[in-house]
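Visitor: Can you read through this structure? Questions will come right after.
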């Protein structure tokens, strides 16, 4: 795996999520996910339990990278002004799209290396809250 340049990340969005879903992982014990559409883009927060730190968990923000074609549909759907029937179905459709894209984002996240903070190039991963042993590492996206 290649390691990209370090880059810090500060979450400064005041935007209210268009859609927000909270779920427990079926595959990773104690892990929880928060799925959001914020500013027309899917975001995934992954909460991983730890035995150390104030929160006893590490929290990662996962976003689609610029090379991923998966985010385009969210932007186009938000910009489109359709019929009243379309508008009535928009939120449910966005939820289904978010579920589907989040499954891909989860798969890409778990195929990466948390210790080295390297991940497939289709996602960008930013540590939002890590226990002290990992605090020296900052947000990184990587290549497999």
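Visitor: Please find the FRET efficiency linking residue 39 to residue 131, where r is the Cβ-Cβ separation and R0 is fixed at 25 Å, and quote it to the nearest 0.05.
Guide: That gives a FRET efficiency of 0.30.
Visitor: If you don't mind, there's one more thing I want to ask. Ranking 119, 32 by Cβ neighbours within 10 Å, fewest first, what do you get?
Guide: With the sparsest Cβ surroundings first, the list reads 32, 119.
Visitor: Using a 10 Å cut-off around each Cβ, can you sort 122, 87 from fewest to most neighbouring Cβ atoms? Don't skip to the end; give the middle numbers.
Guide: On the way: 122 19, 87 11.
Fewest to most other Cβ atoms nearby, the residues stand as 87, 122.
Visitor: Right, another one. Using the 10 angstrom Cβ neighbour count as an exposure proxy, how do 96, 131 rank, fewest first? Could you put the intermediate results ahead of the total?
Guide: Details: 96 12, 131 15.
The fewest-first ordering by Cβ neighbours comes to 96, 131.
Laboratory data are not the source of any read-out in this text; all were calculated from the coordinates shown. Owing to the predicted nature of the structure, the values given are computational and were not obtained by experimental measurement. Positions of Cβ are backbone-derived with ideal geometry, glycine not excepted, and every protein chain shown enters the neighbour counts.
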